[in-house]
Amino acid sequence: MKKKWILSEIDKIFSLPFPELIYTAQGVHRTRFNGHEVQISTLLSIKTGSCPENCSYCPQSAHYDTGLKKEPLSKISEVIEAAKRAKEAGSTRFCMGAAWRGPRDQDLKIVCEMVREVKKLGVETCVTLGLLKDYQANMLKEAGLDFYNHNVDTSQEYYDKIITTRTFKDRLDTLEHVRSAGIKVCCGGILGMGETNQDRIKMLILLANMEEPPESVPINMLMKIPGTPLEHVADVDPFDFVRTIAIARIIMPTSYIRLSAGREKMSDELQALCFLAGANSIFYGEKLLTAQNPVPEQDEFLLQRLGLKKLHNESSISI
Ligand code: SAM
Ligand code: DTB
Ligand code: SF4
């Protein structure tokens, strides 16, 4: 039977002396993955801003004035061009994001067309479109979608301090539809929104205890966007950030743990610690959806200095 993780157990691991925690995470990491390979995904915003949701961290919410340039749904030809460039730069997954509460069927048909075209290029596809109904998840599956990104963002307890226009349960329902449609799940959260370490651990336990944990777990560090309610929130302690990554690695041994938004403000040394703690995926390319990511040259230099290689064919080593 699948192991169910409990809070007291993870609390103890989280509080281990730092070297012990990293040693444990490394041990787990190496049973399933090569310790020197990093999976590379590239993001593209295909519909930008004017989102009706009130996620307190988000530059794209219509509730806050963040000075963002809004854009309607992109043309398919533009998306294909961006996917080609991403592939040439070494990306194995192309992720398309839309600032919607959820897609309307007429828009979803266009996104399905984008998925079909991007897949033809031989890269994995991922989309993040907000809440999905069950038949919409099936439409995406039929189009050949590999991954759907939908984050729980934080613990169930802290969730309504951050978003009130949709519930934690709404999110879980969408994840359920994605899983039932046979699409791989990409689901994680954000650290640095004023939550505690307990919230971070609870969020990870929820993911790890799913019948099938997400194949991909993005851990974002909050990017403090001027104009959003979280603009002035206190920084997350960098060692707590690394500890959280280590816990994700230990309790989700087969998942790709993605060091996601926020790398632009991280030192190379902090990123290296995250890789040591078991992170094995990044977003690559100078833009995330609307915010800055390190420029490719900087990432190339970092990977090179650390002796890390871009993963070409995604696979985990079986033990
Ligand atoms: N609208 C869709 C949704 O909410 O599912 C898709 C796009 S949304 C931008 C995807 C994820 O990006 C969010 O769930 C959140 O975890 C992350 N994100 C958004 N703004 C962020 C920020 N300022 N800092 C860090 N992560 C952020
Ligand atoms: C995720 O967890 N992080 C990515 C992706 N999933 C879609 C998005 C980060 C967005 C950061 C803010 C922006 O670029 O607008
Ligand atoms: Fe909209 Fe997604 Fe941003 Fe929330 S995170 S405001 S749903 S784009």
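The values are calculated or read from the model by the stated rules, or taken from the named source; none is laboratory data. Computed from a predicted model, the values in this text were never measured in an experiment. Here the Cβ positions follow ideal geometry from the backbone for every residue, glycine too, while neighbour counts run over all protein chains shown. In case anyone asks, the SASA skips ligands and DNA or RNA and just uses the protein heavy atoms, side chains included. Shrake-Rupley method; radii C 1.70, N 1.55, O 1.52, S 1.80 Å.
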Enumerate the pairs (first residue in the stretch 266-287 and farther than 13 Å from D299 by Cα; second residue anywhere and at pLDDT 95 or above and open to solvent by 50 Å² or more (accessible area, probe 1.4 Å)) with beta-carbon separation below 6 Å, excluding pairs fewer than 6 apart on the same chain, so at least 6 apart or on different chains. L270/P238
Mind checking which residues of the stretch 32-55 are buried (at least 21 other Cβ atoms within 10 Å of the Cβ), within 11 Å of ligand 1 (Cβ to nearest atom) and more than 18 Å from Q292 (Cα to Cα)? C51, C55
Of all strands (runs of 3 or more DSSP E) fully inside the stretch 121-217, the set with 1 or more residues that are open to solvent by 30 Å² or more (accessible area, probe 1.4 Å) and away from ligand 3 (no atom under 13 Å from the Cβ) is 124-128, 184-186
Here the qualifying pairs (Cβ atoms under 7 Å; residues six or more apart or on different chains; first in the stretch 243-265 and within 13 Å of ligand 2 (Cβ to nearest atom); second of a type in the set (F, W, Y)) come out as S260/F283
Within the stretch 1-118, considering only helices (runs of 4 or more DSSP H) that don't extend past its boundaries, which have at least 2 residues that are in contact with a Gly (Cβ under 9 Å, 6 or more places away or on another chain) and closer than 27 Å to I201 by Cβ? 18-32
Identify the residue in the stretch 59-78 that is touching a residue at least 60 places away in the same chain (Cβ under 8 Å) and open to solvent by less than 30 Å² (accessible area, probe 1.4 Å) and, among all such residues, is nearest to G192 (Cα to Cα). P59
Suppose the filter is closer than 30 Å to T66 by Cα and in contact with a His (Cβ under 7 Å, 6 or more places away or on another chain); does L191 pass it? no
Tell me, please, whether a residue that is at pLDDT below 95, farther than 20 Å from V295 by Cα and open to solvent by less than 70 Å² (accessible area, probe 1.4 Å) can be found in the stretch 9-30. no
